Amino acid sequence: MLLSVLYRMHRLLPMGMRSKLRLYLDLEWIFDRLAMEESFRYYPTNDHPFRVHAHRFLLRRIGPGSVVLDLGCNAGDLTKVIASKAREVVGVDHDPEVISRANKGLHQTNVTFHHTDALAYLQGTEKHFDTLVLSHILEHLDEPEQFLQAFRGHFQQIYIELPDFDKTYLNHFRVEVGSSLVYTDDDHVREFDRDELRELLERCSIRIVEAEYRFGIQRLWCEVI
């Protein structure tokens with residue numbers, strides 16, 4: 001019944017085709033965002049499908065001997081998940097408040113958190129890392145290529161997770177009609193489609209070993225060439 005009413009309203013709206021398309025794209029973005037936020041209230045934290053599949057893919061290439069740097073670790077939720085399999089995990093973030101939250105109630109002895117710049121930390125430590133985790137980092141950067149090049153010599157493998165601009169053709173429509181609701185968050189500098197991300201990694205001599213595209217997210221395991 002609701003769909004029937006909306007179709008009737010659609011025919012009566014005194015708007016051109018482009019304006020209608022933009023309106024519907026904006027409404028879709030809003031309701032998609034509300035549904036996702038509500039889902040995180042509905043599911044228990046560790047049972048949310050988004051997290052279950054993300055953790056499964058991430059842990060696939062984390063071994064018991066892995067030493068991992070989780071860059072931009074925020075409050076450390078993912079860092080602690082990685083520590084369930086890795087030998088040692090270091091989480092770094094530039095925000096002292098989230099590092100304080102990460103350290104509260106920390107019981108895992110193979111995890112440490114630092115309020116610092118990741119490159120500065122790498123240059124000041126004798127610890128050797130084999131894996132770099134970049135979970136929702138690249139979409140926030142003005143110069144993602146320069147950022148990746150700076151870390152190439154420090155790691156054998158890199159895990160990358162970020163929004164998938166190709167999750168739906170509607171995102172490409174949004175660009176065409178000039179919608180302001182294009183990216184999944186206001187603080188994103190850009191979001192990559194699958195070709196753009198692959199080309200960026202190729203320029204940095206980083207090869208994709210395994211990829212998963214699920215729930216609007218690109219998850220990539222990469223090796224440094």
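Please enumerate the residues belonging to the range 142-169 that are outside any loop (DSSP other than H, G, I, E, B) and in contact with an Asp or Glu (Cβ under 6 Å, 6 or more places away or on another chain).
Pass one, the range 142-169, residues outside any loop (DSSP other than H, G, I, E, B): 144-154, 157-163, 165-167.
Matches in the range 142-169: GLN157, LEU162, PRO163, PHE165, ASP166.
Residues of the range 122-170 being among the aliphatic types (A, V, I, L, M) and within 16 Å of the chain's Cα centre (by Cα), which ones? Spell out how you get there, then give the answer.
Keep residues of the range 122-170 that are among the aliphatic types (A, V, I, L, M), which gives 122, 132-134, 137-138, 141, 148, 150, 158, 160, 162, 170.
Those that are among the aliphatic types (A, V, I, L, M) and within 16 Å of the chain's Cα centre (by Cα): LEU132, VAL133, LEU134, ILE137, LEU138, LEU141, LEU148, ILE158, ILE160, LEU162.
Output the residues belonging to the range 142-195 that are within 16 Å of ARG33 (Cα to Cα), surrounded by 16 or more Cβ atoms within 10 Å (Cβ to Cβ) and of a type in the set (S, T, N, Q).
ASN171, SER179, THR184, listed by residue number.
Would you call ALA75 out of contact with any helix residue (DSSP H, G or I) (no Cβ under 8 Å at 6 or more places or on another chain), touching a residue at least 24 places away in the same chain (Cβ under 8 Å) and closer than 23 Å to LEU106 by Cβ? Steps first, please.
On the way: out of contact with any helix residue (DSSP H, G or I) (no Cβ under 8 Å at 6 or more places or on another chain): no; touching a residue at least 24 places away in the same chain (Cβ under 8 Å): yes; closer than 23 Å to LEU106 by Cβ: yes.
Against the criterion (out of contact with any helix residue (DSSP H, G or I) (no Cβ under 8 Å at 6 or more places or on another chain), touching a residue at least 24 places away in the same chain (Cβ under 8 Å) and closer than 23 Å to LEU106 by Cβ), ALA75 does not qualify.
For the range 1-118, give me every one of the helices (runs of 4 or more DSSP H) that falls completely inside it and has 2 or more residues that are in contact with a Lys or Arg (Cβ under 6 Å, 6 or more places away or on another chain).
Numbers: elements: 2-12, 17-42, 49-59, 77-83, 96-103.
Those helices (runs of 4 or more DSSP H) span 49-59.
Please determine, by comparing only the residues of the range 117-159 that are at pLDDT 90 or above and among the β-branched types (Val, Ile, Thr), which one is nearest to ASP186 (Cα to Cα).
Step by step, filter the range 117-159, then rank; the result is ILE137.
Filtering the range 20-60 down to residues that are hydroxyl-bearing (Ser, Thr, Tyr) and modelled with pLDDT of 90 or more, which residue is farthest from PHE215 (Cα to Cα)? Don't jump to the end; show me each part of the working.
Residues of the range 20-60 that are hydroxyl-bearing (Ser, Thr, Tyr), as a first pass: 24, 39, 42-43, 45.
The next check asks that each one be modelled with pLDDT of 90 or more; those that pass are 24, 39, 42-43.
Numbers: TYR24: 21, SER39: 13, TYR42: 17, TYR43: 15 Å.
My answer is TYR24.
Of VAL224, VAL133, which residue is among the hydrophobic types (A, V, I, L, M, F, W, C), surrounded by fewer than 19 Cβ atoms within 10 Å (Cβ to Cβ) and touching a strand residue (DSSP E or B) at 6+ places or on another chain (Cβ under 7 Å)? Don't jump to the end; show me each part of the working.
Numbers: VAL133 fails: surrounded by fewer than 19 Cβ atoms within 10 Å (Cβ to Cβ).
On inspection, the qualifying residue turns out to be VAL224.
I need the full set of residues from the range 10-54 which are surrounded by 11 or more Cβ atoms within 10 Å (Cβ to Cβ), among the basic types (Lys, Arg) and farther than 30 Å from ASP77 by Cα, in order please.
Correct list: ARG18, LYS20, ARG22.
The values are calculated or read from the model by the stated rules, or taken from the named source; none is laboratory data. Computed from a prediction, not measured in an experiment: that's the story for all the values here. We place every Cβ from the backbone using ideal geometry, glycine too, and count neighbours over all the protein chains shown.
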